[in-house]
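Report on the structure given below.
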Number of protein chains: 2
Amino acid sequence: MSTAQGTDSRKALLDATECLLIERGHAALTVRVVAKEAGVNHGLVRYYFTNLDNLLLEAFDRFTNRLFERQRVLYAQDISFIEKWRTAMDDLEIEDREAGYGKLWLEMQSMAWNKPELKERLQEVNRGWRTILTDAFTHAMNDYGIDTQRFPVDAVVSLVMTFNFGLQLEAIGGTTDGHEALLEMIDQQLQLAENAKDPVTHQE
Amino acid sequence: MSTAQGTDSRKALLDATECLLIERGHAALTVRVVAKEAGVNHGLVRYYFTNLDNLLLEAFDRFTNRLFERQRVLYAQDISFIEKWRTAMDDLEIEDREAGYGKLWLEMQSMAWNKPELKERLQEVNRGWRTILTDAFTHAMNDYGIDTQRFPVDAVVSLVMTFNFGLQLEAIGGTTDGHEALLEMIDQQLQLAENAKDPVTHQE
DNA sequence: AGCACCTTTATACAGATGTCTAATAGTAAA
DNA sequence: TTTACTATTAGACATCTGTATAAAGGTGCT
């Protein structure tokens, strides 16, 4: 089989890697453990990835590519800012934060802290988000008539990115106190701004 | 000697643990590596800590105790809100974020994600900060005359905590774009609020 | 000196870990 | 069927890892 590169075993190993990152963290990954989780002979790690570091790197790449795809999709949508915001926030629902996706993201991050190759890739992803957000917020703040002298776009973008990262971090750490309140507060403020822009749609 | 518990070797092992967490991450810690970094026979790990997990746990405890001490000190100071804010922010200067302290903090966090015993301790620290911030912000927002209906204290506290965590996370990941701008923006807004409260001190 | 006590060392050992090899099973074309 | 190639397997190897033990070193006290 294998049109390009993707025998079942290969994919199984990548999937198992993600699964174990979520369940046990990157410190617990070994060739044999991953292979066992994948239900595959441990020799195949060498066969497909030559070594463990490379398997991790490919898993990392597959993950970041998925992120890039999300970015692309979100960027392409021709919807209002508040809709984009809500879509993005729903995407990272609090329940999800505690579950797999957020954990995987943070484990990937913490892997990268000590591996320069991964670190660069991570920075690309970061820059990607920043680009999208900067563009979206530039338009939105203009629409809402917000003083970008007093609230520079890059500062606002940083605030949004960092508080989202922080939400993930806290949630994985087991704390979600105030998270809902925060997201509600922001949504309400956005709604107010939206209504002020276009008084017709006023609801409540 | 050892009045209570603290032969040089014992402390050296704890110090080495922190050092290696900063330089290589928790995945790279082994009994022999830590002992070597501490310049100490690896048998002493067993002698003082019985096993590696316990050494990590004690290093973790020592670290969180240091955090609690910081909290206590900050809380005890009888200074204005804006001064507290600036002190706290200076404490976590951007340059420092990239260096040891922030890295250590995040490595401790990511260790805790996969170890329930540590996770609880971490949540205590988190609650500690939240308590202090909640108290400080309750007073500050009252002083500044901010509508706590529209901006609930716990939402604001969450925003502040999460964006600070996010700053750390991004900085360790190698990105500090917009960080200065964000901190400046906040500081200016605080200064405005401060001036509005007490027009006498108006400066600029 | 002898003695007791805490600290340190060197070494041992079973099991895990990363890497590698040689043999086998499977599959599709000739 | 034979052939050629890919996929998979079981096992071997040196090294690393956590843990344990027994002996030695050091220090102060009697």
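The values are calculated or read from the model by the stated rules, or taken from the named source; none is laboratory data. Predicted model, so just to flag it, every value in this text is computed and none were measured. Virtual Cβ from ideal backbone geometry, glycine too; neighbours counted across all protein chains shown. Surface accessibility is based on the protein's heavy atoms, side chains included, excluding ligands, DNA and RNA. Shrake-Rupley method; radii C 1.70, N 1.55, O 1.52, S 1.80 Å.
Worth a mention:
- Residue tally, condition open to solvent by 10 Å² or more (accessible area, probe 1.4 Å), at the interface with chain A (Cβ under 7 Å from one of its Cβ atoms) and farther than 11 Å from A:Gly174 by Cα, over the range B:110-132: 2
- Search result, residues across the range B:34-79 that are within 14 Å of DNA strand C (Cβ to nearest atom) and either within 14 Å of another protein chain (Cβ to nearest Cβ) or basic (Lys, Arg) (or both): B:Lys36, B:Arg46, B:Leu52
- All told, B:Gln123 falls short of being free of Cβ contacts under 8 Å to residues at least 40 places away in the same chain, closer than 16 Å to B:Leu21 by Cα and assigned by TED's automatic domain parsing to the domain that holds B:Leu159.
- From the options A:Asp177, A:Asp147, A:Asp135, residue that is at pLDDT 90 or above, more than 7 Å from chain B (Cβ to nearest Cβ) and outside any helix (DSSP H, G or I): A:Asp147
- Checking A:Thr7 against (1) more than 9 Å from DNA strand C (Cβ to nearest atom); (2) closer than 26 Å to A:Gln123 by Cβ; (3) not assigned by TED's automatic domain parsing to the domain that holds A:Gly100, the condition it does not meet: (2)
- The test for being over 18 Å from A:Val160 (Cβ atoms), among the β-branched types (Val, Ile, Thr) and under 16 Å from the mean Cα position of the chain (by Cα) does not hold for B:Ile146.
- When the residues of the range A:46-73 are filtered to those that are near DNA strand D (Cβ under 9 Å from one of its atoms) and not charged (D, E, K, R), the one that is nearest to the chain's Cα centre (by Cα) is A:Tyr48.
- Check on A:Phe163, touching a helix residue (DSSP H, G or I) at 6+ places or on another chain (Cβ under 8 Å), open to solvent by less than 60 Å² (accessible area, probe 1.4 Å), free of Cβ contacts under 8 Å to residues at least 60 places away in the same chain and more than 9 Å from chain B (Cβ to nearest Cβ): no
- Test result for A:Ala171, within 21 Å of A:Lys103 (Cβ to Cβ) and either touching a Gly at 6+ places or on another chain (Cβ under 9 Å) or surrounded by 14 or more Cβ atoms within 10 Å (Cβ to Cβ) (or both): yes
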